[in-house]
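First up is the structure itself, then whatever we jot down about it.
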Amino acid sequence: MFKINFYILLFLTAFVVLSCEKNEEKKSQVFFSFSQEVNNNPLIFDSIMYVNAAGNNFMITEIQYFVSDFTFWKDGKSYPFTSQKFIKYVDTNIPATLNWDFPEKLPVGSYDSLSFTFGIDSVKNQSNIFANPPERDMFWPEMMGGGYHYIKMNGKWIPEGQSQAQAFNLHIGIGQIYANDSSSTVVKFVQNYFKVVMTKHFQIFENSNYLAIVMDVNSWFDTPEVYNLDFWGAHIMQNQNAMHAICLNGKDAFSLRQFYKDK
């Protein structure tokens, strides 16, 4: 009787262990790259060769930005990653920042979409959370809300009626509402970070998972708002209306691609 019970117990134990192993989700490492394009071609820096929807002839000299709060969607289930270690800094001047080993493994399988926060949300976007450059150098002035820039997109354009190029700085962070047009008194701060949703079917395999997040530079200027550099001017850090227009346009500035390569 004891032997029979022993073998039954052994069988049940093995069955439970095998069932747990079968039901446990397999996970795999994911590697990201970040790139910039214009009209489906790689962005060429430092050359006035582009024209936006407003007819501005322009060039880009550098782009620096933060993305954070990544959420992956699979079979109707979300996999959110929202802690500070998922704040990613991207800098076209620093090639190492254009690649990222995602800090957590993901369940293997078919995914429907990926979303992230462009910038840093109001809870985490606090001054001095970055002690070292280059992230530290993205600070946003305390008098304008503190925390950090969401993006610095710097370049030059040729204003209408002129022949000489003028520098512009599309810098987005916490916005300000002032008491009146001539006042320096801030009556309200505006959180300008926004959510980007990239609806794209992609697969996480047991190995070799490479995803590319691609920025379409022209999208910052044309959809849904036609952004005219002649109208908004060279510097917008204290112009909430201009920053709002740029943020509306940024929501569709990113796309997701999957590719394979040997690591």
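The values are calculated or read from the model by the stated rules, or taken from the named source; none is laboratory data. These numbers come from a predicted model, not from an experiment. Glycine also receives a Cβ, built like all others from the backbone with ideal geometry; neighbour counts cover every protein chain displayed.
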Over region 128-164, the set of residues of a type in the set (Gly, Ala, Ser) and either modelled with pLDDT under 95 or more than 28 Å from Asp252 (Cα to Cα) (or both) is Ala131, Gly161, Ser163
Expected single match for over 23 Å from Tyr89 (Cα atoms), touching a residue at least 60 places away in the same chain (Cβ under 8 Å) and surrounded by 19 or more Cβ atoms within 10 Å (Cβ to Cβ) among Ile172, Ile204, Ile177 is Ile204
So, first residue crowded, with 18+ Cβ neighbours inside 10 Å in region 208-219, second residue among the aliphatic types (A, V, I, L, M) and outside any strand (DSSP E or B), Cβ within less than 7 Å, six or more apart or across chains; the pairs are Asn209/Val30; Leu211/Val30; Met215/Ala253; Asp216/Ala253; Val217/Leu43; Ser219/Ala253
Those residues of region 168-205 which are outside any strand (DSSP E or B), under 25 Å from the mean Cα position of the chain (by Cα) and not β-branched (Val, Ile, Thr) amount to Gly173, Gln191, Asn192, Tyr193, Phe205
The correct count of residues that are in a strand (DSSP E or B) and closer than 27 Å to Leu114 by Cα in region 42-59 is 1
Cβ pairs under 7 Å, 6+ apart or interchain, first in region 224-251 and in contact (Cβ under 8 Å) with a residue 24 or more places away in the chain and within 14 Å of Ile172 (Cβ to Cβ), second assigned to a loop (DSSP other than H, G, I, E, B) and among the hydrophobic types (A, V, I, L, M, F, W, C), ordered by first then second residue, are Tyr227/Ala54; Met243/Ile236
Considering region 75-93, residues that are surrounded by 13 or more Cβ atoms within 10 Å (Cβ to Cβ) and assigned to a loop (DSSP other than H, G, I, E, B), and then whichever is modelled with the lowest pLDDT, we arrive at Thr82
For region 45-72 the number of residues that are crowded, with 16+ Cβ neighbours inside 10 Å, farther than 24 Å from Gly173 by Cα and free of Cβ contacts under 8 Å to residues at least 60 places away in the same chain is 1
Picking from Ser68, Ser127, the residue that is in a strand (DSSP E or B) and touching a strand residue (DSSP E or B) at 6+ places or on another chain (Cβ under 9 Å) would be Ser68
message: So, Ser110, is that one surrounded by fewer than 16 Cβ atoms within 10 Å (Cβ to Cβ), modelled with pLDDT of 95 or more and within 17 Å of Ala167 (Cα to Cα) or not?
response: no
Filtering region 113-151 for residues that are exposed (fewer than 13 other Cβ atoms within 10 Å of the Cβ) and either hydrophobic (A, V, I, L, M, F, W, C) or in contact with a Lys or Arg (Cβ under 6 Å, 6 or more places away or on another chain) (or both) leaves a count of 3
Any residue at all in region 33-44 that is over 19 Å from Lys251 (Cβ atoms), touching a residue at least 40 places away in the same chain (Cβ under 8 Å), surrounded by 14 or more Cβ atoms within 10 Å (Cβ to Cβ) and of a type outside the set (S, T, N, Q)?
-> yes
